[in-house]
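Everything on this sheet refers to the single structure shown next.
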Amino acid sequence: MKQDSNIPKVRESIDTIDNSILELLKKRIGLAKEIGRLKSEDNRSKWDPLREREIYERLITSNEGDFPDESLRSIFHEIITTCRLSQKKAVVAYLGPEATFSHLAGVKYFGHSTDYKPLETIDEVFAEVEKGRVQYGIVPVENSIEGAVFSTLDSFMKYKIKICGEMQLAISHNLVCKSGNIEDIQTVASHNQPLAQCRDWLRKHLPNTPTLPVFSTGLAAKMAADNPNIGAIASSLAISTYDLQVVVKGIEDYEGNTTRFLIIGKESPGISGRDRTSLLIGLMDRPGALNEILSVLSEEGINLAKIESRPIKGKQWKYLFFLDMIGHIEDEQIKRGCARLKQECSYFEWLGSYPQDENSLEYSPANP
């Protein structure tokens, strides 16, 4: 009884701390709005990725492990994003409907205070950003198992936008349906990529059940909510959004399934110190043209993180190449390399320089 009598006092202390946190949050968002006003007067970008990275690193260092680092970063990510968006409310387009992996990636990147706009195709996401009807879009660009998302790469060839950021989302696929009973499932619906990523599991556990490719996992979840005989492979967000029951969790065939998403907008942010630069280039029509490009990067000491070719629509056997390099366009070696590439390429477009996701293989706090 004596121990229980101390609980109200401890709770009172917690309430006092919560009230102090609330007051400080109110002051912080007020100061963030003031910074937004001052930046508007100077016509400066609202987003300073270097400043944000410094905040995270300072807080984690000061924390000294007392509060779980991952949770601390998640909490302050929501605070920082909310304060930044208070300077100018953002609308983010994604491949809908609600509860797709693109939606989930958007929430993890921008936080819950952002307005989200679901669209039917990746092409539409690019179009909305280019026309200025939304500030940002979030699109999948590659999966660690299935490779590049070609509809995203092709859209970069069609629309004039810039890459503003990236994030990597660990993908766990859930088989869901209305009842939660696998016996009720007569068809399994999902996007092509999740169906491919769960191919072996489906073959083993539902060998006689047909699959139905649809344009998003969110649509598959919605179909499952409307039809008790349809199962969906969908995200964890879809379960609560569409009031579905989990049949089996984690049915992906391989561990470490991760999708990389790109944030697209009108302009790229400034240097953060740990950046990636993306280019779209065309090669001269001569032998050894690709080797010349690679030699430029090697001579400048530039780390090439990705290269992918895509055919140019309407031009038979002609290709453009997507290049990801480690570094920012403002870095001297990247600047020199790009200047040389412009001379060697038949087509050159800078798609953007942006902060790397902290889970990227190239990202290392010890190697800025």
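Counting DSSP beta bridges with both partners in segment 174-251, what percentage is antiparallel, nearest 5?
Antiparallel bridges make up about 50 percent of those DSSP assigns within segment 174-251.
If you build a Gaussian network model of the chain, linking Cα atoms that sit under 10 Å apart, which residue out of Pro228, Pro287, Pro355 swings the most?
Answer for the Gaussian network model of the chain: Pro287.
Of the options Ile182, Asn227, Thr81, report the single residue whose Cα projects farthest towards the positive end of the charge dipole of the chain (beta-carbon charges: Lys, Arg +1; Asp, Glu -1).
Of the listed residues, the answer is Thr81.
Given a Förster distance of 56 Å, report the FRET efficiency between Lys131 and Ile7 from their Cβ-Cβ distance, rounded to the nearest 0.05. Don't skip to the answer; put the middle values down first.
Working: r = 57 Å, r/R0 = 1.02.
According to the calculation, E is roughly 0.45.
Segment 214-323: which trypsin sites (Lys or Arg not before Pro) are DSSP loop and have at most 14 other beta-carbon atoms within 10 angstrom?
Working: sites: Lys222, Lys249, Arg260, Lys266, Arg274, Arg276, Lys306, Lys313, Lys315, Lys318; in loops: Lys249, Lys266, Arg274, Lys313, Lys315, Lys318.
Passing sites in segment 214-323 are Lys249, Lys266, Lys313, Lys315, Lys318.
If I histogram all Cα-Cα distances within segment 56-112 using bins 5 Å wide from 0, what percent of pairs lands in each bin?
With a bin width of 5 Å, the distribution comes to 4, 17, 22, 18, 17, 12, 7, 3, 0.
From the convex hull of the Cα coordinates of segment 153-288, what is the mean projected area in square nanometres?
Numbers: hull surface 49.3 nm².
Over every viewing direction, the Cα hull of segment 153-288 projects on average to 12.3 nm².
What are the semi-axes of the equivalent ellipsoid of segment 12-87, taken as the square roots of 5 times the eigenvalues of the Cα gyration tensor, listed largest first and rounded to whole Å? Can you show the working numbers first?
On the way: eigenvalues 127, 61, 14 Å².
Semi-axes from the Cα gyration tensor: 25, 17, 8 Å.
GNM on the chain, C-alpha springs below 10 Å: top fluctuator among Met223, Met167, Met284?
Looking only at Met223, Met167, Met284, the largest GNM fluctuation is found for Met284.
At a Förster distance of 41 Å, what's the computed FRET efficiency of Ser236 paired with Ile17, Cβ-Cβ distance as r, to 0.05?
Values: r = 31 Å, r/R0 = 0.75.
With R0 = 41 Å, the Cβ-Cβ based efficiency is 0.85.
Report the rotationally averaged projected area of segment 1-153 based on its alpha-carbon convex hull, in square nanometres. All intermediate terms of the calculation are to be shown ahead of the outcome.
Values: hull surface 54.6 nm².
Reported value for the Cα convex hull: 13.6 nm².
Please give the net charge around Gly337, taking every other residue with its beta carbon less than 12 angstrom from that of Gly337, where Lys and Arg add +1 and Asp and Glu add -1.
-1
Give me the accessible area per residue for the chain, probe 1.4 Å, as a whole number in Å².
On the way: 19320 Å² over 368 residues.
Here the per-residue accessible area is 52 Å².
Could you give the radius of gyration (one decimal) and Dmax (whole number) of the Cα atoms in the chain, in Å?
My reading of the Cα-based Rg and Dmax gives 23.4, 87 Å.
Return the FRET efficiency for the residue pair Ile312, Arg199: r is the Cβ-Cβ distance, R0 is 35 Å, and the value is rounded to the nearest 0.05.
According to the calculation, E is roughly 0.65.
Give, rounded to the nearest 20 debye, the magnitude of the charge dipole that the chain has about its Cα centre when Lys and Arg contribute +1 at Cβ and Asp and Glu contribute -1 at Cβ.
Numbers: 45 positive and 52 negative charges, 196 e Å.
With Lys and Arg at +1 and Asp and Glu at -1, about 940 debye.
Roll a 1.4 angstrom probe over the protein heavy atoms and tell me the percent of accessible area of segment 174-251 that is carbon or sulfur. Please list the in-between numbers first.
Details: 1740 of 3610 Å².
Exposed carbon and sulfur together represent 48 percent of the surface.
Please build a GNM for the chain, connecting alpha carbons under 10 Å apart, and tell me which residue among Ala221, Ala305, Ala99 fluctuates the most.
Most flexible of the set in this elastic network: Ala305.
Between beta-carbons, use under 12 Å as the cut-off and find the net charge around Asp226, counting Lys and Arg +1, Asp and Glu -1.
Working: positive: Lys178, Lys222; negative: Asp243.
Spelling it out: positives minus negatives among the neighbours equals +1.
Output the antiparallel fraction of DSSP beta bridges having both residues in the chain, as a percent to the nearest 5.
On the way: 45 of 59 bridges.
If we restrict to bridges inside the chain, about 75 percent are antiparallel.
On each of the three principal axes of the Cα atoms of segment 174-251, give max minus min coordinate, whole Å, ordered largest first.
28, 24, 19
Could you pull out every residue, at least 5 positions away or on a different chain, whose amide H is within less than 5 Å of the one on Lys117? Hs are placed 1.01 Å off N in the peptide plane, and Pro or chain starts have none.
Those lying under 5 Å, H to H, from Lys117 are Val92, Ala93, Tyr94.
So how far, in whole Å, is the C-alpha centre of segment 281-325 from the one of segment 148-203?
28 Å
Tally Lys/Arg at +1 and Asp/Glu at -1 over every other residue whose Cβ is under 11 Å from the Cβ of Thr81; what's the total? Show your work: numbers first, answer last.
Details: positive: Arg84, Lys108; negative: Glu52, Glu78.
With Lys, Arg at +1 and Asp, Glu at -1, the neighbours total 0.
The values are calculated or read from the model by the stated rules, or taken from the named source; none is laboratory data. As the structure is a computational prediction, the values presented were derived from the model and not from experiment. In this analysis, Cβ positions are derived from the backbone assuming ideal geometry, glycine residues included, and neighbour counts consider all displayed protein chains. These area figures cover heavy atoms from the full protein model, side chains too; ligands, DNA and RNA do not enter into them. Shrake-Rupley method; radii C 1.70, N 1.55, O 1.52, S 1.80 Å.
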